[in-house]
Amino acid sequence: MEEMIVTDRLRLLLKHFGEVRDPRDPAKVKYPLPEVLFLVTCASIAGCDDYDEIADWGAHHLDFLRGYGEYYFGTPEEDWLRTLLNRIDPALFEACFVAWATALRADAPSLIALDGKTLRRSGDSATGQKPLHLVSAWASTQRLVLSQEAVDTKENECAAILAILDRLCLKGALVTIDAIATNSTVAQAILDRDGDYVLALKRNQPTLHDDVVRYFEDPETTGLDTVESIDKDHGRIETRRTTVSHDVAWLPSDRRYPDEPRFPGLKTLVRTTTRTERRGKVTEETRYFISSAALSPQRAADAIRGHWGIESMHWSLDVTFKEDQSRLRRGHGAQNMALVRRFAFNIIRAGRG
């Protein structure tokens, strides 16, 4: 069954690759672009992380590849692969990825997490080129990568987030983002696409953060709904308490009218407290969030915990695909190969259920 799912995803992938515009003269094409992209993705699944390894893998697995495409002239060499991957328009390649990832979902995801990751070795100190920073969208329920957007620095992450939000279907989804994107522009962009947001509150919103902290700590704030869960694993005991409040009218505002919340559509304040016991040592962390959905404590807890599934994706990209070690720096190669790894990740996820 799992093998059949992987095969179906591979065939669907090859079909979508046919929609990426080939920058070459059609009369001179020896290796069709869909077949090349399919080769690169399959080789990445097999653990190849450089063009020479991909070329060698293709030469030794031609029979497998011909089960999906013609590959009339076989597979290309390393230099040819490098040149083509540097020339493909990342925006067109990304559109292909979004269309394919969307087709994998039986239903729209109930939870979408957005987070950034820096490819640390993609920079070049000799030329002043900064490492590539990628923002990814992650379907927490289906555990699939949905989209990626590249920016030159982490400080520009909000621009990438807005670009991703603009291309995804958010209807009915709960979108979780860390504090770097906690601003009214991002919140409104999510609402405009019929989604709801869960945004972390930290020191980038100092006044609002402090107001919410004082609210939850006020002795007069009573009767709030709370849920608690306990996890035990390898000598570690973790207790998580999630409390929500739908009382937001008290928040001060200097916007269009006195009682308007600072964030559009704000309906829920959330506090999570995590107490961890390990080897006699106890640590405790409290975090705060805001949401445009009228969340129950359990729904809030699920969304907040589900957000960190994107970290498992980042970990897999580093461990399985050696993404953080990639030294691709020229042309569009680094960005396009990062997207190839996400194609590969989604295929592998199909085999793991």
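Overview of results
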quantity: Single unsatisfied condition, Lys171 versus (1) in a helix (DSSP H, G or I); (2) open to solvent by 30 Å² or more (accessible area, probe 1.4 Å); calculated: (1)
quantity: The stretch 69-103, subset closer than 16 Å to Pro34 by Cβ, outside any helix (DSSP H, G or I) and open to solvent by 40 Å² or more (accessible area, probe 1.4 Å), residue modelled with the lowest pLDDT; calculated: Asp89
quantity: Residue ranges of helices (runs of 4 or more DSSP H) in the stretch 260-353 with at least 1 members outside the structural domain of Thr239 (by the TED database), open to solvent by 10 Å² or more (accessible area, probe 1.4 Å) and modelled with pLDDT of 80 or more; calculated: 333-352
quantity: Ile161, sole failed condition from (1) at pLDDT below 90; (2) open to solvent by less than 20 Å² (accessible area, probe 1.4 Å); (3) hydrophobic (A, V, I, L, M, F, W, C); calculated: (1)
quantity: Filtered residues of the stretch 140-158 (kept if open to solvent by 60 Å² or more (accessible area, probe 1.4 Å) and part of a helix (DSSP H, G or I)); calculated: Lys154, Glu155, Asn156
quantity: Where a residue in the stretch 42-58 is in contact (Cβ under 8 Å) with a residue 12 or more places away in the chain and its partner, wherever it lies, is part of a helix (DSSP H, G or I) and of a type in the set (Lys, Arg), with Cβ under 6 Å and at least six apart; calculated: Ser44/Arg341; Tyr51/Arg82
quantity: Given (1) touching a residue at least 60 places away in the same chain (Cβ under 8 Å); (2) open to solvent by less than 40 Å² (accessible area, probe 1.4 Å); (3) among the small types (Gly, Ala, Ser), index of the condition Ser245 fails; calculated: (1)
quantity: Boolean, Arg279 is under 26 Å from Glu155 (Cα atoms) and out of contact with any Ser or Thr (no Cβ under 7 Å at 6 or more places or on another chain); calculated: no
quantity: Residue selected from the stretch 179-213 under the condition open to solvent by less than 10 Å² (accessible area, probe 1.4 Å) and of a type in the set (Ser, Thr, Tyr), by the criterion farthest from Leu269 (Cα to Cα); calculated: Thr182
quantity: Residue match in the stretch 215-228 (condition: assigned by the TED database to the domain that holds Lys281, under 28 Å from the mean Cα position of the chain (by Cα) and modelled with pLDDT of 90 or more); calculated: yes
quantity: Enumeration of residues in the stretch 205-228 that are of a type outside the set (Val, Ile, Thr), out of contact with any Lys or Arg (no Cβ under 9 Å at 6 or more places or on another chain) and in a loop (DSSP other than H, G, I, E, B); calculated: Asp218, Pro219, Glu220, Gly223
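To keep it simple, each residue is scored yes or no on (1) within 18 Å of Trp57 (Cβ to Cβ); (2) open to solvent by 80 Å² or more (accessible area, probe 1.4 Å); (3) at pLDDT below 90.
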residue	(1), (2), (3)
Met1	no, yes, yes
Arg9	no, no, yes
Leu14	yes, no, yes
Gly18	no, no, yes
Arg21	no, yes, yes
Lys28	no, yes, yes
Tyr31	yes, no, no
Val36	yes, no, no
Thr41	yes, no, no
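The values are calculated or read from the model by the stated rules, or taken from the named source; none is laboratory data. A quick note: this is a predicted structure, and the numbers were derived from the prediction, not measured. All Cβ positions, even for glycine, are placed from backbone atoms using ideal geometry, and neighbour counts span all protein chains on display. For the accessible areas, the whole protein counts, side chains as well, though only heavy atoms, and no ligand, DNA or RNA atoms are used. Shrake-Rupley method; radii C 1.70, N 1.55, O 1.52, S 1.80 Å.
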